[in-house]
Amino acid sequence: AMAAAVARSRFAVVGGGIAGVTCAEKLAMEFPSEDIFLVTASPVIKAVTNFKQVSKTLEEFDIEEQPSSLLEKRYPNIKVIQSGVKQLKSEEHKILTEDGKEYMYEKLCLCAGAKPKLIFEGNPYVLGIRDTDSAEAFQKNLAQAERIVVVGNGGIALELVYEIEGCEVIWAIKDKAIGNTFFDAGAAEFLIPKLTAEKRETEIACKRTKYTMEGKEKKESPIAESDKLGSALGPDWHEGLRLKGTKEFSHKVHIEILCEVKQILLQQEFLQLKWTSLTFPKEEKNVEADDVLWPIYVELTNGKVYGCNFIVSATGVVPNVKPFLDGNNFALGEDGGLKVDEHMHTSIPDIYAAGDICTASWEPSPVWHQMRLWTQARQMGWYAAKCMAADTLGEAIDLDFCFELFAHVTKFFNYKVVVLGKYNAQGLGLNHELMLRCTKGQEYVKVVMQNGRMMGAVLIGETDLEETFENLILNRMDLSAYGEDLLNPNIDIEDYFD
């Protein structure tokens with residue numbers, strides 16, 4: 001019998017998340033007469049809706065899961081191939097899918113995202129949270145839970161802890177302060193009252209201050225393997241999920257800082273060791289042994305042992321490169337992603353990558369860095385498609401403006417949060433200073449300054465400063481003359497810089 005004809009197309013994209021879908025849509029618009037193959041293991045794709053360009057570099061959008069048939073309706077030249085990738089044969093320009101089919105491409109963009117780093121594989125009491133499916137599993141478990149341990153200090157852990165009600169939460173973080181990926185200790189202090197608040201706090205003004213940095217080193221934790229795939233969660237992933245445990249009180253959170261999980265013990269192992277575990281701390285001094293038997297126990301690196309119903313691992317992600325490495329000589333970044341240059345090319349001809357799977361390896365603007373976020377997945381997917389089009393048509397293309405300035409807007413604890421540039425002084429060493437302005441319960445403004453220039457900012461609350469600060473960072477203007485007045489609420493900064 002003759003082998004089935006191999007399907008061919010000019011462009012193929014792997015991945016049904018934001019980067020892949022955005023890339024396929026842009027290619028479909030640029031080449032209306034070409035078929036665009038979109039290979040995805042999931043029956044639903046992630047679509048960007050309600051897109052708004054808020055300022056030069058800030059954008060807001062919602063994310064919707066849609067059946068892939070909707071995408072094919074909107075773009076008749078997109079052909080969705082619902083299957084996982086079994087192998088990539090880059091020399092032959094060919095993709096083999098799990099269902100035994102072969103697809104030939106001229107240019108390929110890999111947008112397969114990332115997977116959650118799980119602290120311990122294959123333990124039924126450890127839940128990784130990264131996508132909507134796992135969030136739902138988490139909610140089912142929470143309904144019976146009296147106490148959980150949350151491990152991790154990124155945006156998802158932060159939101160999770162805030163949203164959980166009626167359940168004791170032991171939150172283990174390896175840093176000194178919560179939310180280290182988005183904030184510093186000051187912002188954490190501003191937000192913490194919200195974790196314990198039963199009602200709105202009274203507003204107390206806190207004065208503007210300025211301080212410089214202490215040295216800090218970070219050590220990387222080992223990366224765990226996980227085969228659980230799924231698109232990443234959006235900024236409002238917890239909406240519509242009832243995150244409520246069994247207890248009647250609302251918030252009960254205890255934070256264990258500067259520690260990680262040393263080991264996890266099942267109830268059986270715990271009893272054999274004859275260890276004691278701790279009750280939920282009421283006051284800091286008061287450490288009591290727990291007489292409840294829990295399904296699972298966690299030993300932290302600070303020596304404390306807590307029992308709980310289950311553990312939530314929200315410790316970040318690992319680029320999902322594995323399906324593509326076999327037989328292909330991809331250059332990888334230190335974080336395990338596919339290295340891409342300023343035109344989103346990987347190290348292999350005709351293969352591009354975008355979103356969480358890739359590692360930006362060009363010389364970045366001094367106020368941009370890569371972070372595995374929705375906004376960057378959308379921007380990279382769109383830009384990768386433009387690069388593929390330019391290369392196909394033999395045109396030149398400049399690095400997109402979105403890579404000039406890191407800019408992200410999100411919500412934490414119901415506050416609007418805008419982060420710009422090197423908002424946590426990333427890579428600036430000790431040669432910088434911070435200026436703060438804060439009104440308790442209302443707003444928190446932090447600016448990172450270096451040699452008189454604004455390098456980054458964190459804005460929490462309705463500050464209306466994002467466009468002004470965006471311009472000040474982009475224009476690299478020397479602001480030394482303004483000193484502390486830069487953040488004086490009685491001076492309208494915008495009047496200075498029109």
Discussion item. Report, in listed order, any pair from Lys46/Lys339; Lys52/Lys94; Lys117/Lys446; Lys140/Lys174 with a Cα-Cα distance greater than 29 Å.
Written reply: Lys52/Lys94; Lys117/Lys446
Item to complete: Might you report the magnitude of the Cβ-based charge dipole of the range 44-155 about its Cα centre, with Lys and Arg at +1 and Asp and Glu at -1, to the nearest 20 debye?
Response: 180
Worksheet item: How many nm is it between the label spots at Thr301 and Leu278, if each spot is 7 Å from the Cα in line with the beta carbon?
Response: 1.7
Discussion item. Rg and Dmax in Å for the range 356-498, alpha carbons only: what are they?
Written reply: 17.0, 55
Practice prompt. With N set to the residue count of the range 414-496, report its C-alpha Rg divided by 2.2 N^0.38 Å to two decimal places.
Written response: 1.02
Response to the item:
The base-10 log of I(q)/I(0) that the Debye equation returns for the range 70-134 at q = 0.21, 0.23 Å⁻¹, one scatterer per C-alpha, is -1.00, -1.05
Worksheet entry | 5 Å binning of all Cα-Cα separations within the range 1-118, expressed as whole percents from 0 upward | 2, 11, 20, 22, 19, 12, 7, 4, 1, 0, 0, 0
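For the peptides 348-360, 460-472, what is the packing order when you average, over each peptide's residues, the other Cβ atoms within 10 Å and list the highest mean first?
Most protected by this proxy first, the peptides run 348-360, 460-472.
Quick note: the coordinates plus some simple rules give every number you see, no bench work behind them. Every value quoted in this text rests on a predicted model; they were computed, and no experiment measured them. No Cβ is skipped: glycine too gets one built from the backbone with ideal geometry, and neighbour counts run over all protein chains shown.
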